[in-house]
Structure formats: structure tokens, C-alpha cells
Amino acid sequence: MSEPESFRPHAPVTAADLLTWLEETATAVRAGQVGADDLITVLGELRRASAACADAADWALLAAREEGASLRQIAPVFGKGYVRAPAARLEKLHRQALNSQQWLEILRQRADGV
């Protein structure tokens, strides 16, 4: 009997994807194909997407700790390898949710407008 394949999650969007989109959009703006109103709409979309990405990163932080990741393992993602940054973020998150499942439920309630 073979083992089931493990699921390898990836972010739904990458920095490279965003840079490509940004370059294309900037070209369209310079060509006069995009007006201020459209850019304001995009600004709002990007700010909401940014907040959603931050929430997803918080979920991943909680889930990684639950799966046994140490602060030393997580620290490089926060830059410079200091464990204080992820520790502080976890402390703040734990004021709202004790685990990734609770955080996901909070995000669902926000999405539902509760």
C-alpha cells in the first residue's frame, strides 16, 4: 500500500506575480489607458488583499508553531533571524486566538460581517 501524497501548500500569489502585474499596469497608466478612478479602485482592492495576506500569514505562523516549528526556524521569515519578531506576533495573536483553527474561525466571521 502506497502512502498518500503530502499536500505542499503555496501562496496563491507571489511577489513575482505582483511585480509582473505592476509592470503591465504601469505601462497601461503611462499610455493613458487607466484613469485615476480605476487606480483608486485598484488601491482599495490591493489594500484589502494586503490585509488578507497578513491574516493568512498569521494563520500560517500559528499553524507552523502547532506543527512544532521553533521560533528560531520561523525567525528568518521575519528578517534578520531575530526570534523577538515572531514571538511578539504570536503574543499579539494569542490575545485573539489560541490556535490556527480559532484564527480561521475569526477570519470566517469577519468575512461574513459578524
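Mind checking which residues of the range 9-33 are out of contact with any Leu (no Cβ under 8 Å at 6 or more places or on another chain) and either of a type in the set (Asp, Glu) or more than 29 Å from Ala111 (Cβ to Cβ) (or both)?
Asp17, Glu23, Glu24, Ala26, Thr27, Ala28, Arg30, Ala31, Gly32, Gln33 - these are the residues of the range 9-33 that are out of contact with any Leu (no Cβ under 8 Å at 6 or more places or on another chain) and either of a type in the set (Asp, Glu) or more than 29 Å from Ala111 (Cβ to Cβ) (or both).
Only one of the numbered conditions (1) under 18 Å from the mean Cα position of the chain (by Cα); (2) at pLDDT 95 or above; (3) surrounded by 11 or more Cβ atoms within 10 Å (Cβ to Cβ) is violated by Gln96, and that is (3).
Yes/no matrix, rows are residues, columns are (1) hydroxyl-bearing (Ser, Thr, Tyr); (2) touching a residue at least 24 places away in the same chain (Cβ under 8 Å); (3) surrounded by 10 or more Cβ atoms within 10 Å (Cβ to Cβ):
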residue	(1), (2), (3)
Ser6	yes, no, no
His10	no, no, no
Ala16	no, no, no
Ala28	no, no, yes
Ser70	yes, no, yes
Tyr82	yes, no, yes
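When the test is whether a residue is exposed (fewer than 10 other Cβ atoms within 10 Å of the Cβ), modelled with pLDDT of 95 or more and either in a helix (DSSP H, G or I) or out of contact with any Pro (no Cβ under 8 Å at 6 or more places or on another chain) (or both), Asp58 does not pass it. Leu98: under 23 Å from Arg110 (Cβ atoms), touching a Phe, Trp or Tyr at 6+ places or on another chain (Cβ under 6 Å), among the aliphatic types (A, V, I, L, M) and free of Cβ contacts under 8 Å to residues at least 60 places away in the same chain, yes or no? Here the answer is no, as Leu98 does not meet what is asked.
The values are calculated or read from the model by the stated rules, or taken from the named source; none is laboratory data. None of these values were measured; they are calculated from a predicted model. Backbone-built Cβ (ideal geometry, glycine too); neighbour counts: all protein chains shown.
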